[in-house]
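The structure appears below as C-alpha coordinates.
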Amino acid sequence: MNSDKREIAVKVSNVKKMYKLGQIGGGTLQADLQSWWAKVRGKEDPNSIIGSEERSKGDTFMALNGVDLTIYKGEAVGIIGSNGAGKSTLLKLLSRVTAPTEGEIDLYGRITSMLEVGTGFNPEMTGRENVYLNGAILGMTKAEIDAKMEQIIEFSEVREFIDTPVKRYSSGMFVKLAFSVAAHLDSEIMIMDEVLAVGDMAFQKKCLDKMRDAAKKDGRTVLYVSHNMNTIRKLCDRCIVLNKGKVIFEGAVEQAIEVYMGTSVKLEVPVNLSNTKRASEFSNLPVTINLFDLINNKKGIYNVGDKMFAKLDYKSIVNVEDAYLRVIIKALDGTSVTMTTLSKGFPIQKDKTETIEFEIDISRIVPGKYNLNFVLYQVDELGNYVNLDGVKDVFTFEILSVFGFNNNMPWTKKYWGYFYCDDLILNEHY
(Lines give C-alpha, C1' and ligand atoms only; values in the text may rest on other atoms or scores of the structure.)
Protein backbone atom coordinates (compact mmCIF):
# COMPACT_ATOMS: atom_id res chain seq x y z
CA MET A 1 0.00 0.00 0.00
CA ASN A 2 1.35 3.43 -0.87
CA SER A 3 2.12 5.63 2.09
CA ASP A 4 0.02 8.49 0.72
CA LYS A 5 -3.10 6.30 0.98
CA ARG A 6 -2.65 5.37 4.60
CA GLU A 7 -4.20 7.26 7.48
CA ILE A 8 -1.78 9.38 9.48
CA ALA A 9 -1.65 8.82 13.24
CA VAL A 10 1.26 11.12 14.17
CA LYS A 11 2.75 14.00 12.20
CA VAL A 12 5.86 15.75 13.54
CA SER A 13 7.01 18.80 11.57
CA ASN A 14 10.40 20.47 12.19
CA VAL A 15 10.13 19.97 15.95
CA LYS A 16 12.82 21.45 18.16
CA LYS A 17 13.16 21.29 21.92
CA MET A 18 15.61 23.67 23.55
CA TYR A 19 16.55 23.66 27.21
CA LYS A 20 18.13 26.68 28.88
CA LEU A 21 21.14 25.59 30.87
CA GLY A 22 20.97 26.66 34.50
CA GLN A 23 17.75 28.62 34.00
CA ILE A 24 14.06 28.09 34.59
CA GLY A 25 12.18 26.86 31.57
CA GLY A 26 11.56 23.13 31.71
CA GLY A 27 8.21 23.20 29.92
CA THR A 28 6.23 21.90 32.91
CA LEU A 29 5.56 23.25 36.40
CA GLN A 30 7.28 20.24 37.99
CA ALA A 31 10.41 20.70 35.83
CA ASP A 32 10.51 24.43 36.59
CA LEU A 33 10.29 23.78 40.33
CA GLN A 34 13.05 21.17 40.09
CA SER A 35 15.26 23.64 38.20
CA TRP A 36 14.54 26.46 40.65
CA TRP A 37 15.27 24.30 43.70
CA ALA A 38 18.52 23.04 42.18
CA LYS A 39 19.57 26.61 41.43
CA VAL A 40 18.78 27.74 45.02
CA ARG A 41 20.97 24.95 46.41
CA GLY A 42 23.77 25.59 43.93
CA LYS A 43 23.25 22.17 42.33
CA GLU A 44 23.21 21.10 38.68
CA ASP A 45 19.85 21.55 36.94
CA PRO A 46 18.33 18.04 36.51
CA ASN A 47 16.40 19.25 33.47
CA SER A 48 19.29 20.80 31.58
CA ILE A 49 22.27 18.47 31.80
CA ILE A 50 21.39 16.14 28.98
CA GLY A 51 23.65 14.06 26.78
CA SER A 52 26.50 15.36 24.68
CA GLU A 53 28.05 18.79 25.09
CA GLU A 54 28.27 19.03 21.31
CA ARG A 55 24.63 20.10 21.22
CA SER A 56 25.16 22.91 23.71
CA LYS A 57 25.48 26.42 22.36
CA GLY A 58 26.08 29.17 24.87
CA ASP A 59 23.51 28.73 27.62
CA THR A 60 21.16 26.51 25.62
CA PHE A 61 20.96 22.83 24.73
CA MET A 62 19.04 21.36 21.77
CA ALA A 63 17.49 18.08 22.92
CA LEU A 64 15.70 17.82 19.57
CA ASN A 65 16.82 19.79 16.55
CA GLY A 66 14.46 19.73 13.57
CA VAL A 67 12.69 16.36 13.76
CA ASP A 68 10.26 15.40 10.97
CA LEU A 69 8.24 12.20 11.24
CA THR A 70 5.09 10.67 9.79
CA ILE A 71 3.67 7.61 11.51
CA TYR A 72 0.62 5.82 10.16
CA LYS A 73 -2.29 4.10 11.87
CA GLY A 74 -1.67 0.45 12.65
CA GLU A 75 2.11 0.76 12.60
CA ALA A 76 4.45 -0.47 15.33
CA VAL A 77 7.43 1.87 15.15
CA GLY A 78 10.65 1.54 17.13
CA ILE A 79 12.66 4.57 18.25
CA ILE A 80 16.28 3.78 19.05
CA GLY A 81 19.46 5.71 19.76
CA SER A 82 22.18 6.06 22.35
CA ASN A 83 21.61 7.71 25.74
CA GLY A 84 20.96 11.42 25.27
CA ALA A 85 19.92 11.03 21.62
CA GLY A 86 16.51 12.62 22.29
CA LYS A 87 14.26 9.55 22.45
CA SER A 88 12.58 10.26 25.77
CA THR A 89 12.25 13.96 24.93
CA LEU A 90 10.40 13.05 21.74
CA LEU A 91 8.03 10.75 23.63
CA LYS A 92 7.35 13.45 26.23
CA LEU A 93 6.44 15.87 23.46
CA LEU A 94 4.14 13.33 21.81
CA SER A 95 2.54 12.58 25.19
CA ARG A 96 2.10 16.33 25.81
CA VAL A 97 4.09 16.16 29.02
CA THR A 98 6.02 19.14 27.70
CA ALA A 99 5.73 21.41 24.66
CA PRO A 100 8.09 21.89 21.70
CA THR A 101 10.17 25.04 21.44
CA GLU A 102 9.48 25.15 17.71
CA GLY A 103 7.54 23.10 15.19
CA GLU A 104 4.19 21.33 15.17
CA ILE A 105 2.92 17.96 16.38
CA ASP A 106 -0.40 16.66 15.04
CA LEU A 107 -1.95 13.64 16.76
CA TYR A 108 -4.94 11.87 15.26
CA GLY A 109 -6.40 9.88 18.12
CA ARG A 110 -6.31 9.46 21.88
CA ILE A 111 -2.98 8.59 23.50
CA THR A 112 -1.96 6.31 26.35
CA SER A 113 1.67 6.39 27.38
CA MET A 114 4.12 4.78 29.77
CA LEU A 115 7.18 6.98 30.05
CA GLU A 116 8.31 5.77 33.47
CA VAL A 117 7.03 3.53 36.23
CA GLY A 118 3.77 4.92 37.61
CA THR A 119 3.16 7.57 34.95
CA GLY A 120 -0.39 8.92 35.35
CA PHE A 121 -1.01 7.10 38.63
CA ASN A 122 -1.98 8.71 41.94
CA PRO A 123 -0.03 6.83 44.64
CA GLU A 124 -2.74 7.43 47.28
CA MET A 125 -5.44 5.82 45.17
CA THR A 126 -6.02 2.09 44.77
CA GLY A 127 -5.25 0.21 41.61
CA ARG A 128 -8.94 0.10 40.70
CA GLU A 129 -9.37 3.83 41.32
CA ASN A 130 -6.37 4.58 39.12
CA VAL A 131 -7.92 2.58 36.30
CA TYR A 132 -11.01 4.83 36.50
CA LEU A 133 -8.77 7.92 36.69
CA ASN A 134 -6.83 6.97 33.56
CA GLY A 135 -10.01 6.10 31.70
CA ALA A 136 -11.57 9.43 32.63
CA ILE A 137 -8.48 11.27 31.37
CA LEU A 138 -9.01 9.53 28.02
CA GLY A 139 -12.64 10.68 27.98
CA MET A 140 -14.21 7.28 28.66
CA THR A 141 -17.43 6.93 30.62
CA LYS A 142 -17.70 4.85 33.78
CA ALA A 143 -19.74 2.25 31.89
CA GLU A 144 -17.00 1.94 29.25
CA ILE A 145 -14.33 1.52 31.93
CA ASP A 146 -16.47 -1.03 33.80
CA ALA A 147 -16.66 -3.08 30.60
CA LYS A 148 -12.84 -3.19 30.40
CA MET A 149 -12.12 -3.63 34.13
CA GLU A 150 -12.08 -7.44 34.25
CA GLN A 151 -9.73 -7.66 31.24
CA ILE A 152 -7.38 -5.13 32.83
CA ILE A 153 -7.27 -6.94 36.18
CA GLU A 154 -6.80 -10.35 34.57
CA PHE A 155 -3.96 -9.19 32.31
CA SER A 156 -2.19 -7.25 35.08
CA GLU A 157 -1.76 -10.27 37.39
CA VAL A 158 -2.38 -8.04 40.45
CA ARG A 159 -5.97 -9.06 41.20
CA GLU A 160 -5.17 -9.70 44.87
CA PHE A 161 -3.96 -6.10 45.27
CA ILE A 162 -6.29 -4.21 42.95
CA ASP A 163 -7.98 -2.46 45.90
CA THR A 164 -4.70 -1.59 47.62
CA PRO A 165 -3.17 1.91 47.29
CA VAL A 166 -0.58 1.74 44.53
CA LYS A 167 2.05 3.44 46.71
CA ARG A 168 2.43 0.00 48.30
CA TYR A 169 3.05 -1.72 44.96
CA SER A 170 6.48 -2.96 43.96
CA SER A 171 7.94 -1.51 40.75
CA GLY A 172 7.04 -4.74 38.95
CA MET A 173 3.40 -4.57 40.09
CA PHE A 174 3.28 -0.90 39.06
CA VAL A 175 4.44 -1.77 35.55
CA LYS A 176 2.02 -4.67 35.20
CA LEU A 177 -1.02 -2.60 36.11
CA ALA A 178 0.12 0.49 34.23
CA PHE A 179 0.75 -1.47 31.05
CA SER A 180 -2.54 -3.32 31.37
CA VAL A 181 -4.38 -0.01 31.69
CA ALA A 182 -2.56 1.46 28.67
CA ALA A 183 -3.18 -1.65 26.57
CA HIS A 184 -6.89 -2.11 27.29
CA LEU A 185 -8.37 1.37 27.59
CA ASP A 186 -9.69 2.92 24.38
CA SER A 187 -6.84 4.82 22.75
CA GLU A 188 -5.63 4.90 19.19
CA ILE A 189 -1.95 5.56 19.96
CA MET A 190 0.22 3.70 22.51
CA ILE A 191 3.56 5.24 23.52
CA MET A 192 5.95 3.01 25.45
CA ASP A 193 9.35 3.98 26.84
CA GLU A 194 11.64 1.18 28.06
CA VAL A 195 9.61 0.56 31.20
CA LEU A 196 8.97 -3.11 30.51
CA ALA A 197 12.53 -3.88 31.62
CA VAL A 198 11.20 -3.74 35.20
CA GLY A 199 8.80 -6.63 34.70
CA ASP A 200 9.65 -10.33 34.69
CA MET A 201 10.50 -12.13 31.45
CA ALA A 202 7.13 -13.88 31.12
CA PHE A 203 5.26 -10.60 31.54
CA GLN A 204 7.55 -8.83 29.07
CA LYS A 205 6.69 -11.44 26.46
CA LYS A 206 3.00 -11.05 27.24
CA CYS A 207 3.29 -7.28 26.82
CA LEU A 208 5.10 -7.60 23.49
CA ASP A 209 2.44 -9.99 22.23
CA LYS A 210 -0.26 -7.57 23.37
CA MET A 211 1.40 -4.60 21.64
CA ARG A 212 1.83 -6.64 18.46
CA ASP A 213 -1.85 -7.59 18.52
CA ALA A 214 -2.81 -3.96 19.21
CA ALA A 215 -1.08 -2.90 16.01
CA LYS A 216 -1.79 -5.89 13.75
CA LYS A 217 -5.32 -6.82 14.84
CA ASP A 218 -6.78 -3.71 16.45
CA GLY A 219 -5.20 -1.15 14.11
CA ARG A 220 -3.67 0.87 16.93
CA THR A 221 -0.42 2.77 16.51
CA VAL A 222 2.48 1.75 18.77
CA LEU A 223 5.63 3.81 19.39
CA TYR A 224 8.22 1.86 21.33
CA VAL A 225 11.60 2.97 22.73
CA SER A 226 14.05 0.30 23.83
CA HIS A 227 17.75 -0.49 24.03
CA ASN A 228 16.89 -4.18 23.62
CA MET A 229 17.19 -4.79 19.90
CA ASN A 230 15.58 -8.22 20.13
CA THR A 231 12.31 -6.71 21.37
CA ILE A 232 12.54 -4.07 18.63
CA ARG A 233 12.91 -6.87 16.07
CA LYS A 234 9.94 -8.81 17.46
CA LEU A 235 7.54 -5.89 17.69
CA CYS A 236 8.31 -3.21 15.13
CA ASP A 237 7.48 -2.84 11.44
CA ARG A 238 10.02 -0.07 10.95
CA CYS A 239 12.44 1.91 13.04
CA ILE A 240 13.65 5.46 13.58
CA VAL A 241 17.22 6.18 14.72
CA LEU A 242 17.89 9.38 16.68
CA ASN A 243 21.38 10.76 17.23
CA LYS A 244 22.18 14.08 18.92
CA GLY A 245 18.61 15.29 18.58
CA LYS A 246 18.18 14.49 14.89
CA VAL A 247 16.69 11.66 12.86
CA ILE A 248 19.61 9.98 11.09
CA PHE A 249 17.68 7.00 9.69
CA GLU A 250 14.09 5.92 9.13
CA GLY A 251 13.27 2.58 7.55
CA ALA A 252 13.63 -1.20 7.88
CA VAL A 253 14.35 -2.55 11.36
CA GLU A 254 17.56 -4.44 10.57
CA GLN A 255 19.04 -1.50 8.67
CA ALA A 256 18.10 0.82 11.53
CA ILE A 257 19.84 -1.44 14.05
CA GLU A 258 23.00 -1.44 11.91
CA VAL A 259 22.94 2.37 11.75
CA TYR A 260 22.37 2.62 15.53
CA MET A 261 25.18 0.19 16.31
CA GLY A 262 27.52 2.26 14.18
CA THR A 263 26.84 5.35 16.31
CA SER A 264 27.90 3.58 19.51
CA VAL A 265 31.27 2.22 18.37
CA LYS A 266 34.25 3.23 20.53
CA LEU A 267 37.57 2.09 19.07
CA GLU A 268 40.28 4.11 20.82
CA VAL A 269 42.44 3.13 23.80
CA PRO A 270 43.28 3.97 26.49
CA VAL A 271 39.76 4.80 27.72
CA ASN A 272 39.38 7.18 30.66
CA LEU A 273 36.55 5.82 32.84
CA SER A 274 36.91 7.99 35.93
CA ASN A 275 34.08 10.34 34.95
CA THR A 276 31.96 7.82 33.04
CA LYS A 277 28.38 7.86 34.29
CA ARG A 278 27.59 4.65 36.17
CA ALA A 279 24.32 2.74 36.00
CA SER A 280 22.24 2.86 39.20
CA GLU A 281 23.56 -0.49 40.46
CA PHE A 282 27.13 0.83 40.26
CA SER A 283 26.67 4.37 41.63
CA ASN A 284 28.26 5.55 44.90
CA LEU A 285 30.40 2.45 45.38
CA PRO A 286 33.81 2.32 47.12
CA VAL A 287 35.98 1.48 44.11
CA THR A 288 36.38 3.52 40.92
CA ILE A 289 37.67 1.96 37.69
CA ASN A 290 39.66 4.84 36.19
CA LEU A 291 41.22 3.49 33.01
CA PHE A 292 40.96 0.66 30.49
CA ASP A 293 43.77 -0.18 28.10
CA LEU A 294 44.86 -2.97 25.77
CA ILE A 295 48.27 -4.61 25.96
CA ASN A 296 50.18 -5.05 22.67
CA ASN A 297 47.15 -3.95 20.61
CA LYS A 298 46.16 -0.30 20.28
CA LYS A 299 43.47 -0.70 17.62
CA GLY A 300 41.25 -3.35 19.21
CA ILE A 301 41.19 -5.41 16.01
CA TYR A 302 41.70 -9.17 16.27
CA ASN A 303 41.50 -12.22 14.04
CA VAL A 304 39.37 -15.26 14.76
CA GLY A 305 41.40 -17.41 17.16
CA ASP A 306 43.21 -14.52 18.87
CA LYS A 307 43.17 -13.71 22.59
CA MET A 308 42.90 -10.28 24.20
CA PHE A 309 45.33 -8.92 26.77
CA ALA A 310 44.10 -5.91 28.73
CA LYS A 311 44.41 -3.97 31.98
CA LEU A 312 42.33 -1.81 34.31
CA ASP A 313 43.47 0.97 36.66
CA TYR A 314 41.34 1.46 39.76
CA LYS A 315 41.33 3.17 43.15
CA SER A 316 39.38 2.39 46.32
CA ILE A 317 38.35 4.34 49.42
CA VAL A 318 38.36 1.12 51.49
CA ASN A 319 40.52 -1.97 51.84
CA VAL A 320 39.14 -5.06 50.10
CA GLU A 321 40.53 -8.45 51.02
CA ASP A 322 39.32 -10.42 47.99
CA ALA A 323 38.02 -8.64 44.91
CA TYR A 324 36.98 -10.35 41.69
CA LEU A 325 36.67 -9.13 38.11
CA ARG A 326 33.81 -10.06 35.82
CA VAL A 327 34.05 -9.36 32.07
CA ILE A 328 30.84 -9.37 30.03
CA ILE A 329 31.02 -9.30 26.24
CA LYS A 330 27.97 -8.04 24.36
CA ALA A 331 27.08 -7.61 20.72
CA LEU A 332 26.48 -4.01 19.69
CA ASP A 333 22.73 -4.62 19.72
CA GLY A 334 22.93 -5.39 23.46
CA THR A 335 22.77 -9.19 23.18
CA SER A 336 24.97 -10.86 25.80
CA VAL A 337 27.57 -13.05 24.11
CA THR A 338 29.51 -14.47 27.05
CA MET A 339 30.87 -13.77 30.51
CA THR A 340 34.10 -14.72 32.25
CA THR A 341 35.50 -14.06 35.73
CA LEU A 342 38.75 -14.31 37.64
CA SER A 343 38.79 -17.62 39.51
CA LYS A 344 40.91 -16.21 42.32
CA GLY A 345 40.36 -13.03 44.34
CA PHE A 346 42.93 -10.26 44.70
CA PRO A 347 43.39 -7.57 47.40
CA ILE A 348 42.67 -3.88 46.89
CA GLN A 349 44.46 -1.32 49.07
CA LYS A 350 42.76 1.84 50.26
CA ASP A 351 43.71 5.18 48.61
CA LYS A 352 46.17 3.60 46.20
CA THR A 353 45.92 3.57 42.40
CA GLU A 354 46.45 -0.03 41.29
CA THR A 355 46.46 -1.98 38.03
CA ILE A 356 45.22 -5.44 37.18
CA GLU A 357 46.31 -7.16 33.96
CA PHE A 358 44.34 -10.07 32.54
CA GLU A 359 43.74 -12.23 29.47
CA ILE A 360 40.32 -12.64 27.81
CA ASP A 361 39.84 -15.72 25.64
CA ILE A 362 37.94 -14.41 22.60
CA SER A 363 39.36 -17.09 20.30
CA ARG A 364 36.02 -18.78 19.54
CA ILE A 365 33.90 -15.68 19.08
CA VAL A 366 32.85 -15.22 15.44
CA PRO A 367 33.70 -12.16 13.32
CA GLY A 368 31.93 -8.94 14.27
CA LYS A 369 32.07 -5.99 16.67
CA TYR A 370 31.52 -6.38 20.40
CA ASN A 371 31.41 -4.24 23.54
CA LEU A 372 33.30 -4.89 26.76
CA ASN A 373 31.65 -4.48 30.18
CA PHE A 374 33.48 -4.76 33.51
CA VAL A 375 32.32 -5.39 37.07
CA LEU A 376 34.52 -5.42 40.18
CA TYR A 377 32.84 -7.26 43.04
CA GLN A 378 33.41 -9.15 46.27
CA VAL A 379 31.66 -12.04 47.99
CA ASP A 380 30.41 -11.39 51.53
CA GLU A 381 30.31 -13.85 54.43
CA LEU A 382 26.85 -15.05 53.34
CA GLY A 383 27.99 -15.83 49.82
CA ASN A 384 26.28 -12.80 48.27
CA TYR A 385 27.87 -10.96 45.36
CA VAL A 386 28.46 -7.30 46.29
CA ASN A 387 29.37 -4.80 43.56
CA LEU A 388 32.43 -2.59 44.05
CA ASP A 389 32.20 -0.78 40.68
CA GLY A 390 31.00 -1.47 37.17
CA VAL A 391 31.19 0.18 33.74
CA LYS A 392 29.13 -0.70 30.70
CA ASP A 393 30.06 -0.63 27.01
CA VAL A 394 33.58 0.53 27.81
CA PHE A 395 35.22 -0.33 24.51
CA THR A 396 34.31 -1.79 21.14
CA PHE A 397 36.64 -4.38 19.68
CA GLU A 398 36.41 -6.10 16.33
CA ILE A 399 37.10 -9.68 15.28
CA LEU A 400 37.99 -10.30 11.64
CA SER A 401 37.58 -13.49 9.66
CA VAL A 402 40.60 -15.43 8.43
CA PHE A 403 40.96 -17.45 5.25
CA GLY A 404 39.20 -20.80 5.55
CA PHE A 405 36.99 -19.79 8.47
CA ASN A 406 33.50 -21.31 8.08
CA ASN A 407 34.57 -22.63 4.65
CA ASN A 408 34.95 -18.97 3.61
CA MET A 409 31.22 -18.38 4.02
CA PRO A 410 30.01 -15.22 5.85
CA TRP A 411 28.87 -16.05 9.37
CA THR A 412 25.16 -15.29 9.98
CA LYS A 413 24.76 -14.54 13.70
CA LYS A 414 20.97 -14.37 13.47
CA TYR A 415 20.82 -18.11 12.78
CA TRP A 416 24.14 -19.47 14.03
CA GLY A 417 24.98 -17.43 17.12
CA TYR A 418 28.24 -15.92 18.33
CA PHE A 419 30.51 -18.92 18.93
CA TYR A 420 31.89 -21.53 16.58
CA CYS A 421 32.79 -25.15 17.30
CA ASP A 422 35.41 -27.40 15.72
CA ASP A 423 34.46 -29.10 12.46
CA LEU A 424 32.23 -32.13 12.62
CA ILE A 425 34.04 -35.47 12.70
CA LEU A 426 32.61 -38.20 10.50
CA ASN A 427 32.03 -41.47 12.34
CA GLU A 428 34.26 -44.00 10.59
CA HIS A 429 31.80 -46.80 11.30
CA TYR A 430 29.05 -45.01 9.37
ASP313, sole failed condition from (1) among the acidic types (Asp, Glu); (2) in the same structural domain as VAL375 (by TED's automatic domain parsing); (3) over 20 Å from GLU357 (Cα atoms): (3)
Out of ASP333, ASP393, sole residue that is open to solvent by less than 50 Å² (accessible area, probe 1.4 Å) and modelled with pLDDT under 95: ASP333
Checklist (1) surrounded by 18 or more Cβ atoms within 10 Å (Cβ to Cβ); (2) in contact with a Leu (Cβ under 8 Å, 6 or more places away or on another chain); (3) at pLDDT 85 or above applied to SER274, failing item: (1)
ARG326 within 30 Å of SER401 (Cβ to Cβ), surrounded by 15 or more Cβ atoms within 10 Å (Cβ to Cβ) and either touching a strand residue (DSSP E or B) at 6+ places or on another chain (Cβ under 9 Å) or free of Cβ contacts under 8 Å to residues at least 40 places away in the same chain (or both): yes
Flag if GLY84 is surrounded by 18 or more Cβ atoms within 10 Å (Cβ to Cβ), small (Gly, Ala, Ser) and modelled with pLDDT of 90 or more: no
Residues of region 409-430 satisfying the condition of being modelled with pLDDT of 90 or more and either more than 28 Å from LYS299 (Cα to Cα) or not in a loop (DSSP other than H, G, I, E, B) (or both): TRP416, PHE419
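Out of MET211, MET149, MET173, report the one residue that is in a helix (DSSP H, G or I) and surrounded by 22 or more Cβ atoms within 10 Å (Cβ to Cβ).
Going through MET211, MET149, MET173 in turn, just one is in a helix (DSSP H, G or I) and surrounded by 22 or more Cβ atoms within 10 Å (Cβ to Cβ): MET211.
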Among (1) of a type in the set (Val, Ile, Thr); (2) over 16 Å from the mean Cα position of the chain (by Cα); (3) surrounded by fewer than 22 Cβ atoms within 10 Å (Cβ to Cβ); (4) not in a loop (DSSP other than H, G, I, E, B) - the single one THR231 does not satisfy: (2)
Residue list for region 339-355, restricted to those being of a type in the set (A, V, I, L, M, F, W, C) and open to solvent by 80 Å² or more (accessible area, probe 1.4 Å): MET339
Strands (runs of 3 or more DSSP E) enclosed by region 339-390 - at least 3 residues per element that are within 27 Å of the chain's Cα centre (by Cα): 368-379
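Filter region 58-82 down to residues that are touching a residue at least 40 places away in the same chain (Cβ under 8 Å) and not in a strand (DSSP E or B), then give me how many there are.
So in region 58-82, the residues touching a residue at least 40 places away in the same chain (Cβ under 8 Å) come out as 60-82.
Still in the list and also not in a strand (DSSP E or B): 73-75, 81-82.
So the count comes out to 5.
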Condition broken by ALA279, with the remaining ones in (1) aliphatic (A, V, I, L, M); (2) surrounded by fewer than 16 Cβ atoms within 10 Å (Cβ to Cβ); (3) without any contact (Cβ under 8 Å) to a residue 24 or more places away in the chain satisfied: (3)
Every pair of residues 6+ apart whose Cβ atoms lie under 7 Å, when the first sits in region 142-160 and is among the aliphatic types (A, V, I, L, M) while the second is open to solvent by 10 Å² or more (accessible area, probe 1.4 Å) and in a helix (DSSP H, G or I): ILE145/TYR132; ILE152/HIS184; ILE153/ARG159; VAL158/MET173; VAL158/LYS176
In region 291-303, residue nearest to VAL320 (Cα to Cα) [restricted to those that are touching a strand residue (DSSP E or B) at 6+ places or on another chain (Cβ under 7 Å) and open to solvent by 40 Å² or more (accessible area, probe 1.4 Å)]: LEU291
PHE358 surrounded by 10 or more Cβ atoms within 10 Å (Cβ to Cβ) and either among the hydrophobic types (A, V, I, L, M, F, W, C) or over 23 Å from GLU268 (Cα atoms) (or both): yes
Checking ASP163 against (1) farther than 26 Å from ASN83 by Cβ; (2) open to solvent by less than 10 Å² (accessible area, probe 1.4 Å); (3) outside any helix (DSSP H, G or I), the condition it does not meet: (2)
For ILE240: the one exception among (1) among the hydrophobic types (A, V, I, L, M, F, W, C); (2) farther than 24 Å from GLU359 by Cα; (3) surrounded by fewer than 20 Cβ atoms within 10 Å (Cβ to Cβ): (3)
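The values are calculated or read from the model by the stated rules, or taken from the named source; none is laboratory data. Predicted, not measured: the structure shown is a model, and the values here were computed from it. Backbone-built Cβ (ideal geometry, glycine too); neighbour counts: all protein chains shown. Note: accessible area is taken over every heavy atom of the protein model, side chains too, but ligands, DNA and RNA are not part of it. Shrake-Rupley method; radii C 1.70, N 1.55, O 1.52, S 1.80 Å.
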